[in-house]
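The values are calculated or read from the model by the stated rules, or taken from the named source; none is laboratory data. It should be emphasised that the depicted structure is a prediction, and the values quoted were computed from it without experimental measurement. So basically every Cβ, Gly included, is an ideal-geometry build from the backbone, and we count neighbours across all protein chains shown. Note: accessible area is taken over every heavy atom of the protein model, side chains too, but ligands, DNA and RNA are not part of it. Shrake-Rupley method; radii C 1.70, N 1.55, O 1.52, S 1.80 Å.
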Amino acid sequence: MKREYTKMDVGLLHLANKKVVLRLIKDHDEITRSSLAKKSGLTPPSITRIVDELISKDQLVESLGVGDSSGGRPPVIVKFKNHNNLIIGIDLGATYIRGCLVDLNANFVSEIQVPTELEKGFFSIIEKVVKVIDKLRNRKEPDAKIWGVGIGVAGLVNSETGIIESSPDFRWSDIDLRKELAKHLDLPFFYDNSTRLMALGELKMGVKENQKNFAVINIGYGIASGLVVEGNLLKGFSGFAGEFGHISVDTDSAVQCKCGMYGCLEALASGHRIASLGKQAFSSNSSELLEELCRGNEELITAELVAKAAKKGDEASIKIYDEVAEYLCKGIGTIANLLNPETVYVGGGISLSGDLLFDLIEKKKSKYLLPASAEVKIMPSTHGDQATSIGAVSLILEKILNLELTLS
């Protein structure tokens, strides 16, 4: 028994060392084997053995040959094998299904966007997702390899079972997405809550390096958050952490949320709420500009249209965004005072309204921040409308770097 445990320990140690070396190579454009030995603390023979495995077996590293000598033995240079190693990322949203084919450095090879068409039901949506994946697969070079598919989906995704226990946007309850997709896909695939993946993308591929405490707020049809604390993505006991949209920001509100409660942030500050207030302004003849922009058809009023009217100086629309920004600042204050993040990133469709929303937030935020949190930065998410797709890509990339996936 002792000999068996010794073998197991040696194998686990070798795997751990391979992960360290692979991440060191990934973090450098080019690096020599001797530098890898110094940075990792491993012996040169161990580095040689690990690098050779990463080149020939795992196909994640390539040799660039021998560099110039500075007096001793010429250095052997290696790099992360990014070219022709690809990942598919899917943003399964209530309005659109966005797909991207990217390399391991998140350089885009191809993109697809199709309407979700919620009204056609679950199986139609699954069929669309599979078609998007197939189209992206067909756009790769013949010798390129796809490691897997990451999917971000709006809803409460149980981290243990993979069951989407609830998704109000899709009107789903207790959906086993894994089981259904497995019928159609022969690639490894993984999925998680879309906003949590936005946070993962910000952590792994964001604009700032080494940022360990931040929040991502996703404001679209609904509102949710992804939280990173001390460099770790916060999931919670069952994977439901971050339901930011369901904190109460107005206990006297008569506006009921989809969850059944009243005064939720999502009910009072989401894209759905902005559009609803815009329609109210249209019905009460409070905005001639909105009436003009929607060509007299109330059903064409969206949050984007209200933002457009506000930017043109429409008082009714400005008032709507002012109200929404006030509620958002209450919510941001709650997160900032609780977790003391360095940055709060705001993503989702509403964030694309540009300076309109961020200027209002900047003016109002101080009312809800403790002095210790007053310096928190509030800024757009790094990847804009591709944030969930990049997060989904990051989900697969982490599995690659942890050597959890292999090419068949």
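Here is how the numbers come out for the structure above:
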{"item": "Options Ser69, Ser63, Ser46, Ser35: the member that is outside any helix (DSSP H, G or I), modelled with pLDDT of 90 or more, open to solvent by less than 70 Å² (accessible area, probe 1.4 Å) and of a type in the set (Ser, Thr, Tyr)", "result": "Ser63"}
{"item": "For Ile318: the one exception among (1) β-branched (Val, Ile, Thr); (2) open to solvent by less than 10 Å² (accessible area, probe 1.4 Å); (3) under 18 Å from Ala275 (Cβ atoms)", "result": "(2)"}
{"item": "Subset of the stretch 183-205 (residues that are of a type outside the set (D, E, K, R) and crowded, with 24+ Cβ neighbours inside 10 Å)", "result": "Asn193, Ser194, Thr195, Leu197, Met198, Ala199, Leu200, Gly201"}
{"item": "Some residue of the stretch 72-84 being aliphatic (A, V, I, L, M), modelled with pLDDT of 95 or more and crowded, with 17+ Cβ neighbours inside 10 Å", "result": "no"}
{"item": "Cβ-Cβ under 8 Å pairs, at least 6 apart or on other chains, the stretch 322-340 side in contact (Cβ under 8 Å) with a residue 24 or more places away in the chain, far side outside any helix (DSSP H, G or I) and of a type in the set (D, E, K, R)", "result": "Tyr327/Asp250"}
{"item": "Residues satisfying the stated conditions in the stretch 239-273, i.e. open to solvent by 30 Å² or more (accessible area, probe 1.4 Å), of a type in the set (A, V, I, L, M, F, W, C) and either over 19 Å from Arg196 (Cα atoms) or modelled with pLDDT of 95 or more (or both)", "result": "Ala254, Val255, Cys259, Met261"}
{"item": "Lone unmet requirement of (1) open to solvent by 30 Å² or more (accessible area, probe 1.4 Å); (2) closer than 24 Å to Gln280 by Cβ for Ser366", "result": "(2)"}
{"item": "Residue match in the stretch 382-395 (condition: assigned to a helix (DSSP H, G or I), open to solvent by 10 Å² or more (accessible area, probe 1.4 Å), of a type in the set (S, T, N, Q) and under 25 Å from Ile318 (Cα atoms))", "result": "no"}
{"item": "Of residues in the stretch 99-129 being closer than 20 Å to Asn82 by Cβ and polar (S, T, N, Q), the one surrounded by the most Cβ atoms within 10 Å (Cβ to Cβ)", "result": "Ser110"}
{"item": "Residue among Val153, Val129 that alone is under 24 Å from Leu233 (Cβ atoms), of a type in the set (A, V, I, L, M) and at pLDDT below 95", "result": "Val153"}
{"item": "Filter pass, Ser276 being under 24 Å from the mean Cα position of the chain (by Cα), within 23 Å of Asp355 (Cα to Cα) and at pLDDT 90 or above", "result": "no"}
{"item": "Among residues of the stretch 83-119, those that are under 29 Å from Lys26 (Cα atoms), in a strand (DSSP E or B) and aliphatic (A, V, I, L, M), counted", "result": "9"}
{"item": "Where a residue in the stretch 217-240 is farther than 15 Å from Leu200 by Cα and its partner, wherever it lies, is in a loop (DSSP other than H, G, I, E, B), with Cβ under 6 Å and at least six apart", "result": "Ile219/Gly348; Gly220/Gly348; Tyr221/Ala94; Tyr221/Asp169; Gly222/Asp169; Gly222/Ser270; Ile223/Ser270; Ser238/Asn158"}
{"item": "Single residue of Leu405, Leu352, Leu356 found to be farther than 20 Å from Glu230 by Cα, of a type in the set (A, V, I, L, M) and over 21 Å from the mean Cα position of the chain (by Cα)", "result": "Leu356"}
{"item": "Residue in the stretch 250-264 that is in contact (Cβ under 8 Å) with a residue 40 or more places away in the chain and at positive phi present", "result": "no"}
{"item": "Scan of the stretch 142-168 for residues that are open to solvent by less than 30 Å² (accessible area, probe 1.4 Å) and either of a type in the set (A, V, I, L, M) or not in a strand (DSSP E or B) (or both), ordered by number", "result": "Ala144, Ile146, Val149, Ile151, Val153, Ala154, Gly155, Val157, Asn158, Gly162, Ile164"}
